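Right, one structure below, let's go through it.
The values are calculated or read from the model by the stated rules, or taken from the named source; none is laboratory data. Everything numeric here is computed off the predicted structure, so don't read it as measured data. Note that we place each Cβ from the backbone using ideal geometry, even for glycine, and neighbour counts take in every protein chain shown. The accessibility values were calculated without ligands, DNA or RNA, using every heavy atom of the protein model including side chains. Shrake-Rupley method; radii C 1.70, N 1.55, O 1.52, S 1.80 Å.
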Amino acid sequence: MKLIFSHLTLNKELQIVQADVFLEVNDDIIIDEPLCIDVGLPALLLSALEDTSPNRFASATEWEKTPFFVCGCGDPDCRGFSFIVRHRDKKSIQLIEVEEFEGDQPREMDEYFVDLLVYQNIVYEIGLQFIEFIKDLDYSPYFKDTLAVVHDLMKRLEKQLIIDI
């Protein structure tokens with residue numbers, strides 16, 4: 001699995017962090033385009049610790065349901081990349097790409113199995129990259145507790161990684 005964020009930028013008008021996102025699993029390129037990454041980062045971090053299921057129509061305070069990556073245009077109804085993450089055992093996760101429809105169950109599309117420790121390390125590095133990028137910027141996210149939630153989840157993930165080593 002490869003998950004790479006490059007060319008991070010802060011859109012000062014929309015107060016969102018955008019990046020070129022590349023996601024590849026089992027030689028399948030799932031994402032390779034510029035997207036908003038901060039809105040879904042808390043949910044991505046949480047997915048490294050426990051099962052998550054998206055609802056792109058949830059409120060901003062329901063951060064754990066936010067798609068990991070959404071269009072960076074600022075329109076919350078624009079497209080996103082939604083994934084269900086299931087921790088299958090203590091060694092792997094099931095990553096299920098889904099298409100969401102308002103008022104209906106998500107339609108499962110592709111599924112992938114990923115080594116849990118690999119996934120946790122990749123997601124942790126993404127979190128560190130975000131924290132380093134944002135630390136000196138004037139950043140006021142739509143979900144005002146984004147930074148506090150990200151820092152809390154990073155601490156939890158760091159403890160988990162220490163235990164697994």
P(r), alpha carbons of the chain - 10 Å bins starting at zero, rounded %: 10, 42, 38, 9, 0
Theoretical gain in end-to-end length, D20 to N121 [0.36 nm per residue, Cα-Cα removed]: 34.4 nm
Protein-only accessible surface order, largest first, of M1, M154 at 1.4 Å: M1, M154
Helical mean residue ellipticity (222 nm; -39500 (n - 2.57) per DSSP H run of 4+; nearest 500) of the chain: -9000 deg cm²/dmol
Aspartates and glutamates with Cα under 20 Å of K135, excluding same-chain neighbours fewer than 8 positions away: E13, D20, D38, E125, D145, D152, E158
Global form of the stretch 75-165, assessed from the alpha-carbon gyration tensor, a/c cut-off 1.5: oblate
Accessible area per residue in Å² at 1.4 Å probe, computed on the stretch 1-41: 49
Probe 1.4 Å, all protein chains present, accessible-area order of T61, T146, T9, largest first: T61, T9, T146
Simple label model, 7 Å out from Cα along Cβ direction - F57 to T9, nm: 3.3
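How high is the relative contact order of the chain, in percent, with contacts defined as C-alpha pairs under 8 Å that are six or more residues apart?
Numbers: 300 pairs, mean separation 33.1, N = 165.
Computed value for the chain: 20 percent relative contact order.
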Carbon/sulfur fraction of accessible area - the chain, other protein chains in place, 1.4 Å, %: 49
Rounded FRET efficiency, nearest 0.05, which uses the C-beta distance separating D136 from E100 and R0 of 41 Å: 0.70
Gain in span if fully extended, E50 to R86, counting 0.36 nm per residue against the direct Cα distance: 12.2 nm
